[in-house]
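Notes for the one structure printed next.
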Amino acid sequence: MTIYTIELSDDNNCTFTPKDEARSIEPHGSLLSKGKELEWPHSLEVSLEDECEIKDFSFIQSGSLVISNNVKVIIGEELEKFGQLLTITYNNKTFWLWNVTQSLDALDHGQSSFNRYGGVSRPVFKKDLPEQILAFKIKEDNFSTIFCNSYLKDLIETNNFSGVSFEAEASA
């Protein structure tokens, strides 16, 4: 099974930030999920760092992606199996923070490379990963990268969603 890193495409420079970071982070806690569920009492108001064309997938924080309502309607049910979809608001429009909470012991430690701090620098994934897990994070990169399998990659590409690309990772 091929595992992919989900990345923003080269033409996507949209980054959402909390509108009033000090006030908005307090009730929401951190935007850094680290593979854990976030408890949000209400929608997070956001702004854009720079003027840009908002794509179906955008960036907000390492380890999380913002998806359009279009993505939520079409594949949101699949995405929610592996994390949360939390409401964010930009200019009175609803978007969704996809907080991937599924983590796996997925690395072949003997073939992966690690930096001097113990983080993975070149992941090599086990061959026998469960195919029903479409998206996940790993502890060896501090839960900051979203990985997916071919099924989710194909689902995103088939629906022509914009703003995201995929990089194939090595498997043992």
Task: Considering residues of region 39-63 that are outside any loop (DSSP other than H, G, I, E, B), under 16 Å from residue 165 (Cα atoms) and touching a Cys at 6+ places or on another chain (Cβ under 8 Å) only, the residue least open to solvent (accessible area, probe 1.4 Å) - done: 58
Task: Failed item in (1) modelled with pLDDT under 95; (2) surrounded by 20 or more Cβ atoms within 10 Å (Cβ to Cβ); (3) basic (Lys, Arg), with residue 122 passing the rest - done: (2)
Task: Residue that is farthest from residue 54 (Cα to Cα) [pool: residues in region 103-119 that are part of a loop (DSSP other than H, G, I, E, B), of a type in the set (S, T, N, Q) and open to solvent by 50 Å² or more (accessible area, probe 1.4 Å)] - done: 111
Task: Scan of region 131-143 for residues that are in a loop (DSSP other than H, G, I, E, B) and at pLDDT 90 or above, ordered by number - done: 132, 133, 134, 138
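The values are calculated or read from the model by the stated rules, or taken from the named source; none is laboratory data. Model, not experiment: these values are computed from the prediction. Every residue, glycine as well, gets a Cβ built from its backbone with ideal geometry; the counts of neighbours run over all protein chains shown. Note: accessible area is taken over every heavy atom of the protein model, side chains too, but ligands, DNA and RNA are not part of it. Shrake-Rupley method; radii C 1.70, N 1.55, O 1.52, S 1.80 Å.
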